[in-house]
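The values are calculated or read from the model by the stated rules, or taken from the named source; none is laboratory data. Small disclaimer: the values here were computed from a predicted structure and weren't measured. Cβ coordinates were reconstructed from backbone atoms using ideal geometry, including for glycine residues, and neighbour counts include every protein chain displayed. Remember, those area values only see protein heavy atoms, side chains included, never the ligands or the DNA or RNA. Shrake-Rupley method; radii C 1.70, N 1.55, O 1.52, S 1.80 Å.
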Amino acid sequence: MKRQHVFTIGFTQTTAEHFFDRLTAAGVKTVIDVRRNNTSQLAGFAKAGDLAYFLGRIGGIGYMHEPLLTPTEALMKFYKKDGGDKAVFSKRFLTLMAERGIERKLKPALFEHACLLCSEADPHDCHRKLVCDYLNGRWGGTLQVQHL
């Protein structure tokens, strides 16, 4: 299977300038939003409607929201609001992706020069890394992942 270059990025703890510069410098073609709530007022420049506009105008980058790659509201509440254990969250989210069959519903080509977007600055604190790890496990390591 052909290797696909995929990136991940978080929008917190950065400026809009640095955020968009990283995406354009990496040659990202599409941002795949993996946030459950992508319209929050807290999102600033990363609010879904504004983000799609900015991506297109600044870098000619497409935008899509992919709910298959988001944790459930209950799972996010467990982890973020209730301070749930990261290992338990990870296990439950991996199980959820398996139940959803994301590796059958999505194709590796979707991820070529795409960038998974979530809020967390550090990918190791975010489910976007789990998405890449899960798909790589199912697709035989086809995703070449770079965290921006």
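Figures for the structure shown
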read-out: Qualifying residue in segment 74-85 (condition: in contact with a Ser or Thr (Cβ under 6 Å, 6 or more places away or on another chain) and of a type outside the set (Phe, Trp, Tyr)); value: no
read-out: Test result for Arg35, part of a helix (DSSP H, G or I) and not aliphatic (A, V, I, L, M); value: no
read-out: Tally of residues being in a strand (DSSP E or B), open to solvent by less than 10 Å² (accessible area, probe 1.4 Å) and modelled with pLDDT of 95 or more across segment 8-32; value: 4
read-out: Count - residues of segment 41-81 that are touching a helix residue (DSSP H, G or I) at 6+ places or on another chain (Cβ under 6 Å) and either among the small types (Gly, Ala, Ser) or open to solvent by 70 Å² or more (accessible area, probe 1.4 Å) (or both); value: 2
read-out: Residues satisfying the stated conditions in segment 113-148, i.e. open to solvent by 50 Å² or more (accessible area, probe 1.4 Å), assigned to a loop (DSSP other than H, G, I, E, B) and more than 22 Å from Ala48 (Cβ to Cβ); value: Asp122, Gly140
read-out: Test: Gly84 is of a type outside the set (Phe, Trp, Tyr), open to solvent by less than 50 Å² (accessible area, probe 1.4 Å) and not in a helix (DSSP H, G or I); value: yes
read-out: Residues of segment 52-74 satisfying the condition of being touching a residue at least 24 places away in the same chain (Cβ under 8 Å) and assigned to a helix (DSSP H, G or I); value: Phe54, Leu55, Ile58, Gly59, Pro67, Leu68, Leu69, Glu73
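For (1) over 15 Å from the mean Cα position of the chain (by Cα); (2) at pLDDT below 95; (3) not small (Gly, Ala, Ser), each residue gets a yes or a no:
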position	(1), (2), (3)
Tyr63	no, no, yes
Leu68	no, no, yes
Phe78	yes, yes, yes
Gly84	yes, yes, no
Phe93	no, no, yes
